[in-house]
Amino acid sequence: MTATLPRPAADEGLRDRVAAVLPVIRDEAATIDDRAVFPAAGLAALRRSGLMGLLVPTSHGGLGGDLSDLVDVAVALAGECMSTAMIWAMHGQQVAALVAHGSERLRAELLPRIARGEVYVASVTSEKGKGGHLLTAQAALRRHDGVLHLERDAPIVTGGEHADGFLITMRDAPDAPPDAVSAVYADRAQLELSASGSWNPLGMRGTHSGALRISGRVGGHQLVGAPGQFRAVAVRTFAPAGHVAWAACWLGAARGALRDVLALLRSPAGRRQFDLGSELLRARLARVRMELDSMAALLAQCLRDLAGDTDPEAVPVQLRLNALKVFTAERSFAAVDLLVELVGLRHGYLRDAPLALERRFRDLRSASLNYANDRLLFANGTLALLDRGVSLAW
Ligand SMILES: Cc1cc2nc3c(=O)[nH]c(=O)nc-3n(C[C@H](O)[C@H](O)[C@H](O)COP(=O)(O)OP(=O)(O)OC[C@H]3O[C@@H](n4cnc5c(N)ncnc54)[C@H](O)[C@@H]3O)c2cc1C
């Protein structure tokens, strides 16, 4: 992967689809951030573009893309608006799980609708009490005559009020332990949803990730993966796709920031205002570029790991995938922080400055919290103890 669209192998059609969406999301980025509202025009453009079905196999009417395509598109979208990019990328994470682990019947019924842009899928994994922990659940599924009954509090659901479907994790049964987690797909029409609380965060304001109370009934074929075995879905597909998708969004936001700063510095006005020969300015630029190249290199290695025959559960692969999440969360934020320092208060800190660095700074502050970095560092510390040979990839 390179950090520019298109990759040599990227298909022209994909590039055109992205190009059609970018002006729409660019136009509403400031407004959705200001008002903390969902990017309705951006999602409509994404639905029209076919990109909602990027990961849906062509046999089900989709574009048949892979994680590398997901990264290219997410990087491009996040260069304009990280909220819209994250909404789309998380939908991609849900779709990856549905494609790889959905039952034959669920795939046949659902994937063509996703490919047509009719179904935007939101994620319900967090839960009060357990927080973000992906591999445990509290609220339990109940079964009556083959029908699955859901009652679930969801404290933070990106785009929940606008989603057409939900991938929901729950404890498999009332007598099951917390780590017997099942994933269920539910159409909005199968659920009663009530929104509670407000959504007024520091950043990622356009994701409109408010709380939902969910109840409803779905068919047994809507289980995604084996009952109580969400761990396999998470380790093989859901977490890798999520880490890659999130990293692409964070890298894309930082890359967009550097691109806009370079445009300013090299403009006639910028040349008058900034001393491009300054060693301090050049050293700061060099550091930001180094951060971006380092993030991109780790992302590229993770894509290679996931594309090959390597077992995604192999210790070195898990180490890199977790590191990708933590590293890009930290370094994308640091890169934009340094760009704020470089251009100063007028261009970097004012809310109405055209560079939008302060919006990117606020958005990227969420990255370490969006699945707590601490959880992954704890996991990687344990894995590092197991990998006594320190097997690295290059
Ligand atoms: C913009 C955004 C969008 C989101 N969208 C969704 C969504 O659509 N659906 C959804 O389900 N969730 C969503 N989330 C929630 C997210 O996935 C996490 O569940 C949530 O951010 C975790 O909240 P928390 O900070 O309370 O962390 P928790 O994971 O609950 O952790 C609480 C505290 O404990 C610390 N901690 C936890 N575990 C360890 C450990 N092992 N070692 C050391 N310290 C530890 C953490 O660092 C943190 O300080 C979103 C979050 C954000 C920021």
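For residue 271 and residue 310, FRET efficiency with R0 = 45 Å and r from the beta-carbon atoms, rounded to 0.05? Before the final figure, lay out the partial values.
Numbers: r = 48 Å, r/R0 = 1.07.
Step by step, r from the Cβ atoms, then E = 0.40.
Taking only Cα atoms of segment 122-224, what ratio of Rg to Rh do you get with Rh as the Kirkwood inverse-distance radius?
0.97
Say each of residue 388 and residue 194 gets a label point 7 Å from the Cα, pointing the same way as Cα to Cβ; how far apart are those two points in nm?
Result: 5.7 nm between the two label points.
Determine, for each peptide in 99-106, 143-150, the mean count of other beta carbons within 10 angstrom over its residues, then list the peptides with the highest first.
For the peptides 99-106, 143-150, the packing ranking is 99-106, 143-150.
Viscosity 1.567 mPa s, temperature 4 °C: what is the translational diffusion coefficient of segment 30-100 from Stokes-Einstein with a Kirkwood Rh over Cα pairs, rounded to a whole number of µm²/s?
In µm²/s, the coefficient rounds to 103.
Nearest 10 degrees, 0 to 90: what angle lies between the long axis of helix 104-115 and the longest principal axis of the chain (Cα atoms)?
Taking the Cα atoms of the chain, the angle to 104-115 is about 30 degrees.
Find how many whole Å separate the alpha carbon centroid of segment 224-277 from the alpha carbon centroid of segment 173-201.
Going from one Cα centre to the other spans 28 Å.
Report, largest value first, the span of the C-alpha coordinates of segment 230-386 along each principal axis, in whole Å.
Projected onto the principal axes, the Cα atoms of segment 230-386 cover 56, 26, 25 Å.
Could you give me the radius of gyration and the Dmax of the chain, taking only the C-alpha atoms into account and expressing both in angstrom?
20.9, 74
Starting with the highest mean, order 251-262, 70-81, 216-227 by the number of other Cβ atoms within 10 Å, averaged over the residues of each peptide.
70-81, 251-262, 216-227
What whole-number volume per residue, in cubic angstrom, does the convex hull of the C-alpha atoms of segment 1-147 give? Please report the intermediate quantities before stating the final value.
On the way: hull volume 21.0 nm³, N = 147.
Looking at segment 1-147, the number lands at 143 Å³ per residue.
Compute for segment 283-335: radius of gyration divided by Kirkwood radius, i.e. Rg/Rh, restricted to C-alpha atoms, rounded to two decimals.
1.07
Using a 1.4 angstrom probe on heavy atoms only, work out the carbon and sulfur share of the accessible area of the chain in %.
53
The values are calculated or read from the model by the stated rules, or taken from the named source; none is laboratory data. Computed from a predicted model, the values in this text were never measured in an experiment. Quick reminder, even Gly has a Cβ in these numbers, built from the backbone with ideal geometry, and neighbours come from all protein chains shown. Each accessible area value is taken on the protein alone, full model and side chains, heavy atoms only, with ligands, DNA and RNA left out. Shrake-Rupley method; radii C 1.70, N 1.55, O 1.52, S 1.80 Å.
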